[in-house]
Amino acid sequence: MPGKVNPTQCEMVTMVAVQVLGNNTAVQMASSQGNFELNVFKPLIALNCLRSLELLSGACSGLQEHCIEGLQPDGARIGRHVEESLMLVTALTPVLGYDQACAIASHAHAQGLSLKESAVLLGAISAEDFDRCVQPQSMI
């Protein structure tokens, strides 16, 4: 598929997690075999613990180097998502009441509009008042 980016590092981390869970199961089973403060399975316990530590360390390093370093947020896209979020309707509830805020959110969702577009179109609030009431930064 042209342009496809495979999430190899994320998949690697999940594979490591599954292997570590398997190692943990072996450690649990081996730990249950001890008698009288003596457990001949201690080498198996140590081996699986050390392998898990090495796997987790490598996975964290690989994820950091190949996935996290250099990662930058797309501010414009985040801003669009915030502006399009129907959850912002909670800021209108104290001003317009629950029922009208719910109607605005339902209308926006059904028509594929923003909350602001829906609220103004329904005549519930002016664009200026909407901007004054709905400030996502103050909702954090």
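Every number in this text was worked out from the coordinates using simple rules, so none of it is lab data. In this text the structure is predicted, and so the values were computed from the model without any measurement. As a convention, Cβ positions derive from the backbone with ideal geometry for all residues, glycine included, and neighbour counts pool all protein chains shown.
When the Cα convex hull of segment 50-106 is projected onto planes of every orientation, the mean area is 7.1 nm². The convex hull of the Cα atoms of the chain, projected and averaged over all directions, covers 15.7 nm². Assuming charge only on the beta carbon of Lys and Arg (+1) and of Asp and Glu (-1), the dipole of segment 75-139 about its Cα centre is about 180 debye to the nearest 20.
The alpha-carbon positions of segment 8-68 define a convex hull whose volume is 58 Å³ per residue.
Judged by the mean number of other Cβ atoms found within 10 Å, the most tightly packed of the peptides 92-105, 67-80, 3-16 leads the ranking 92-105, 3-16, 67-80.
Taking one quarter of the surface of the C-alpha convex hull of segment 75-139 gives a mean projected area of 4.1 nm². Each label was represented as a point 7 Å from its Cα along the Cα-to-Cβ direction; for E11 and Q33 these points are 3.5 nm apart.
Using the Cβ-Cβ distance between N24 and C102 with R0 = 41 Å, the FRET efficiency computed as 1/(1 + (r/R0)^6) comes to roughly 0.30.
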